[in-house]
Amino acid sequence: MPVDMSFRRLRGRQPDSQCRIHGYRQPGGVEVVDVERFRKLFRGPKPVIGMVHLKALPGTPLYDASDGIEGIVAGARQDLRALQAAGVDAVMFGNENDRPYELKVDPASTAAMACAIGRLREEITVPFGVDVLWDAHSTIALAAATGASFAREIFTGVYGSDMGLWEGQAASALRYRRLLGRDDLLVLYNVSAEFASSMDSRSVADRARSAVFSSLADAVLVSGPMTGEPVPLEHLRATKRALPDVPVLANTGVRLENVAETLSAADGCIVGTALKVDGVTWNPVDPARAERFMEAVRRVRG
């Protein structure tokens, strides 16, 4: 069977003796993502993952030393409660306020995130994930330390970015996941990095398909050019056509006005900016905006 066969042709096959955490193999070596792991985690169609954007962490330029860790925890708690009350399917903790971003973060940042999540752990009632921008290894470490169910990062590709030359680290990151005993951790691969331009001439869809085959992505995320900016729908649709049996999610720019159209093309979305006060990324979550957004999602789901 040719290596470039359609993933759609594998639908309906049952795992055989070569079953693995990531999926299973057909004769010829083509691997299929175990979509049931994704479905069981999020427990419904078109999941919405709400972002808990932590305030700037210790050591970063925007850190508020007068508020300290207590201020970070308090802000995260407020956002977490608003998102869960609105009915999001999952939450993800990220350090979006740690500008300028790094490709290898200081250990203090990961430790501070672990501290904040640990303080909130008993209040989290939905599956949660983590993302330490833009460091794949720190993201895996944080997930292992906190018990997160999924992790998002740039794991593949080479980009010219605001942070300089940016190279994916899927091989070492997934070996680190194995070393830390977290083979159960779902890894969500952002294949169109924000604040960056891919140095790969292939289309987003081709890069996504390759990432699943070569680098064991559990799900694929497609982004706009920056945080809060919409994903081109043609990118989402093309990626889903290339990966009919793999979860494909919109990673940025999903808002009340476009959520129905976006979810018609994607298997779910990650949303942050649209749920904030006045739609500003750095503001707290607005409970009323979050509720209206989830009402629109429920209408899409039927």
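The values are calculated or read from the model by the stated rules, or taken from the named source; none is laboratory data. Computed from a predicted model, the values in this text were never measured in an experiment. Cβ atoms come from the backbone with ideal geometry, glycine included; neighbour counts cover every protein chain shown.
Just to check your reading of the model, which residue among V231, V271, V246, V277 is of a type in the set (A, V, I, L, M) and more than 30 Å from L57 (Cα to Cα)?
Being of a type in the set (A, V, I, L, M) and more than 30 Å from L57 (Cα to Cα) holds for just one of V231, V271, V246, V277, which is V246.
Taking the range 80-121, which residues are more than 12 Å from T139 (Cα to Cα), small (G, A, S) and buried (at least 17 other Cβ atoms within 10 Å of the Cβ)?
Within the range 80-121, A82, A86, A90, A112, A116 meet the criteria.
So which of D106, D135 ends up being in contact with a Gly (Cβ under 6 Å, 6 or more places away or on another chain) and over 21 Å from G253 (Cα atoms)?
Going through D106, D135 in turn, just one is in contact with a Gly (Cβ under 6 Å, 6 or more places away or on another chain) and over 21 Å from G253 (Cα atoms): D106.
Before we move on, is Y159 under 18 Å from R209 (Cα atoms) and aromatic (F, W, Y)?
It is true that Y159 is under 18 Å from R209 (Cα atoms) and aromatic (F, W, Y).
Looking only at the range 59-73, decide whether some residue is touching a His at 6+ places or on another chain (Cβ under 9 Å), surrounded by 16 or more Cβ atoms within 10 Å (Cβ to Cβ) and not aromatic (F, W, Y).
No, the range 59-73 has no match at all.
Only one residue in D200, D162 is touching a residue at least 60 places away in the same chain (Cβ under 8 Å) and on the phi < 0 side of the Ramachandran plot, so which one is that?
It is D162.
If you go through the range 122-144, how many residues are within 14 Å of V52 (Cβ to Cβ), in contact with a Ser or Thr (Cβ under 7 Å, 6 or more places away or on another chain) and in a helix (DSSP H, G or I)?
The qualifying residues number 1.
Can you name the strands (runs of 3 or more DSSP E) wholly within the range 13-119 that have at least 3 residues being modelled with pLDDT under 95?
So the answer is 23-25, 31-33.
Scan the range 218-241 and give yes if some residue there is among the β-branched types (V, I, T), more than 18 Å from T273 (Cα to Cα) and in contact with a His (Cβ under 9 Å, 6 or more places away or on another chain), otherwise no.
no
Yes/no per residue for (1) within 17 Å of Q84 (Cβ to Cβ); (2) surrounded by fewer than 17 Cβ atoms within 10 Å (Cβ to Cβ):
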site: P247; (1), (2): no, no
site: G253; (1), (2): no, no
site: V259; (1), (2): no, no
site: T273; (1), (2): no, no
site: K276; (1), (2): yes, no
site: E295; (1), (2): yes, yes
site: R298; (1), (2): yes, yes
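Residue-by-condition table, conditions (1) over 15 Å from the mean Cα position of the chain (by Cα); (2) within 20 Å of E194 (Cα to Cα); (3) among the charged types (D, E, K, R):
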| residue | (1), (2), (3) |
| --- | --- |
| A208 | no, yes, no |
| F213 | yes, no, no |
| L221 | no, yes, no |
| P225 | yes, yes, no |
| P230 | yes, yes, no |
| E234 | yes, yes, yes |
| A238 | yes, yes, no |
| A242 | yes, no, no |
| D245 | yes, no, yes |
